[in-house]
Amino acid sequence: MTSVDQESILADVLGLMNRLARDWEYSGEISPETFLFADLGFESIDAVVLSSFIQEHYHRQFPFPQLLAELGQREVKDIRIGELVDFIHGHMNNTDADQPS
Amino acid sequence: MTVRTLLIGLDGATFTILDPLMEEGVMPFLEQFIAGGVRATLHSVVPPLTPPAWTTVMTGRSPGNHGVFDFFRFEFKRDGRYIRVVDARDVSCETIWSMVSRQGLKATALNFPLTSPPVPISGYLLPGWVPWRHLRLACHPADLYDKIKQLPGFDARELAMDMSLEGNAIEGCQNKEDYEDWIHLHIRRERQWFEIVRHLMTEDPCQLTAVLFDGIDKLQHFVWRFLDPACFPSSPSPWERKIRALCWDYFREIDHFLEELIGLAGPETHTVMVSDHGFSATEQIFYLNTWLEQNGYLTWADGAEPEQPGKLGLETMARRFYEVDWDRTSAYSPTPSGNGIYLSPDDSDCAPDDYLSSRQQLLEALERVTDPATGEPVIKRIWTREEAFPGKHMTLAPDLTLGLRDNGFVSILPSDEVLIPRVEPTGTHHPDGIFIAGGPDIRQGITAPALSIVDVAPTVLYTLGLPVPEDLEGRVAAEAFDRASLEARPVRVEGLTQPPSPLSGSTANSANEEDEAEVMQRLRALGYVE
């Protein structure tokens, strides 16, 4: 199982989002605290497609539905980039977390 | 380098509409091109739907083999229901652009569905059906986005998919202004795709250049009654005349694009134009899940209310998914696009004889559904999955697929009645699409016998001078070519296709529950479900 540190994943995701944000004419700073929906204007299909590209980037699959389902339990149905990074890191480095029942 | 073959996709195009438009002088170039080439009806897949049909064009394989049956993949398992949006990773067969690239040629493929995430080729890939915010990531090579961004009129929101603009496609035009906006949007969108393909053909022409114009389908769904002479009123209102004129403007633009692209490619280029399916009118709504409910196959959870007839968006579809009492449901139609019924695991996992018996009972009951007004059967054909989807992915397909008498799509919503007339006729997919070819070695002024959509890929490979892999399911449309040319350059059938890369194919198709994402659950999580 490939081990990737959290800082590398954060750099990957921030790099990706900053690259894309130029096309959205988004001028704000993108940081771990940035919300995908409230700040970047994501729609649900954007989350679906972003998860596909992240899986392609890391050449593996992550249980994104589980993550998104957890959002449904929250008062604010949104996710910060930092949480996304935590999620990827957790599943990149934890075999058990990678194979949920 | 020159373009050897130009493959032009016209999503949903049908001779039912194109012939009258040519007669009216709206598409003079197409009329002239057909007169100098070959035309034929092109039989689509079952069901005649964009994702499986274009995937068959792209791969030369049928849905049971390429693994795409709908916009969504649904699984009805003992431990739950899974539904998610399909993408390129669900296509388990090699595309023609990959075959071309592998044999040392270059290819451009623009706006085809299920080509994202992109599988690298020698050439250019700009996938269709990609949300505009992520279009950059879908481009191959990576710097393609920055190149097209410089083109006149570039607007990513309109070029790609923006759900705020696509709302009409889902919910229907709600007022008169929506019709005009919808047509203008698609004129602008097609201009962008035209600018991109023209740019690439000029700057770096590839031997295979393929582009899909998908506005025809999106228009015809909503403006069919203005396009089909059989539906257009004999005494139209000024507004009806205006909408028809706008529709004709759209087709004039398409005609202009065809003329420019074929002219730019030059006289030595073979041009193949195809649609994924045809179109016709639907005048009734068949509420399939309501019929299943009334006949004891499906139980809605408490609180499920009938929906406004004819309306179905993602939010509604998501909500309905969670309004089924799955413990008391043995058959369900999950999507409004596939006309498919999935049997519960208790049926599909039981002994084969019991499964076949229960499926047959349901099939025969559906065959007896009649229109109370006329006594005529509502369903003209029901396919079992063995009939419609033979191949290695058959078990992922619906257990039964319905062909309605007016080719309409079923509604999956609850309703007070099973069969309700539509307020106005709307466009629906018809199995008969179009095939048009022209260029060197191609016969002139011929109407060929009907072809199958699996014949497109072998025919395109032949025009490129490449062998046809043995595992393609169709054949070269030899009747479209001069006999002398066929004798001088006979069809070569040899070799096999190569499966897509492991991540793009086998991983996505493995039966991992976590990989089988629940898009509905996502929508609920994100507040789309009330």
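The values are calculated or read from the model by the stated rules, or taken from the named source; none is laboratory data. It should be emphasised that the depicted structure is a prediction, and the values quoted were computed from it without experimental measurement. No Cβ is skipped: glycine too gets one built from the backbone with ideal geometry, and neighbour counts run over all protein chains shown. With ligands, DNA and RNA removed, areas are computed over all heavy atoms of the protein, side chains included. Shrake-Rupley method; radii C 1.70, N 1.55, O 1.52, S 1.80 Å.
List of remarks:
- Using alpha-carbon coordinates, inclination of helix B:352-367 to the longest axis of chain B, degrees: 90 degrees
- What the Cβ-Cβ distance of residue A:74 and residue B:328 gives, at R0 = 25 Å and to the nearest 0.05, is a FRET efficiency of 0.20.
- Charge tally in the Cβ shell below 11 Å around residue B:467, where Lys, Arg are +1 and Asp, Glu are -1, residue B:467 excluded: -1
- Other protein chain Cβ atoms within 10 Å, averaged over every residue that makes up B:125-136: 4
- Residue ranges B:250-261, A:41-52 sort as A:41-52, B:250-261 when ordered by packing (mean number of other C-beta atoms within 10 Å per residue, highest first).
- Number of partner chain Cβ atoms within 10 Å, mean per residue of B:149-161: 1
- The aspartates and glutamates whose alpha-carbon is closer than 19 Å to the alpha-carbon of residue B:149, local same-chain residues fewer than 8 away aside, are A:23, A:25, B:158, B:162, B:190, B:195, B:203, B:204.
- Selection from B:436, B:356, B:329 lying farthest towards where the dipole of the protein assembly as shown points positive, charges on Cβ: B:436
- Prolate/oblate/rounded label for the range B:201-306 (Cα gyration tensor, a/c 1.5): oblate
- Options B:419, B:476, B:202, ranked by Cα towards positive dipole end of chain B, top entry (Cβ charges): B:202
- Isotropic mean projected area of the C-alpha convex hull, the range B:40-149 (nm²): 8.7 nm²
- Cβ-derived FRET efficiency at R0 45 Å, residue B:498 paired with residue A:7, nearest 0.05: 0.75
- Antiparallel %, DSSP beta bridges [both residues in the protein assembly as shown], to 5: 60 percent
- Magnitude of the charge dipole for chain A, about its Cα centre and with charges confined to Cβ atoms of Lys, Arg (+1) and Asp, Glu (-1), is about 180 debye.
- The length gained by stretching the chain between residue B:178 and residue B:256 to full extension, at 0.36 nm per residue less their Cα-Cα distance, is 25.6 nm.
- Packing-based order for B:60-70, B:119-129, B:288-298, using average beta carbon neighbours within 10 Å, highest first: B:60-70, B:119-129, B:288-298
- For the protein assembly as shown: accessible area per residue (Å², 1.4 Å): 38 Å²
- Chain B, dipole about Cα centre (Lys/Arg Cβ +1, Asp/Glu Cβ -1), debye to the nearest 20: 1180 debye
- Residues along the range A:19-45 losing 40 Å² or more of accessible surface when the other protein chains are present rather than the chain by itself (probe 1.4 Å): A:19, A:20, A:23, A:24, A:43, A:44, A:45
- Using a Förster distance of 22 Å, the FRET efficiency for residue B:470-residue B:387 (Cβ separation, nearest 0.05): 0.35
- Assuming charge only on the beta carbon of Lys and Arg (+1) and of Asp and Glu (-1), the dipole of the range B:121-241 about its Cα centre is about 120 debye to the nearest 20.
- Shape of the protein assembly as shown, Cα gyration tensor, a/c cut at 1.5: rounded
- Extension gain, residue B:235 back to residue B:395 (0.36 nm per residue minus Cα-Cα distance, nm): 52.5 nm
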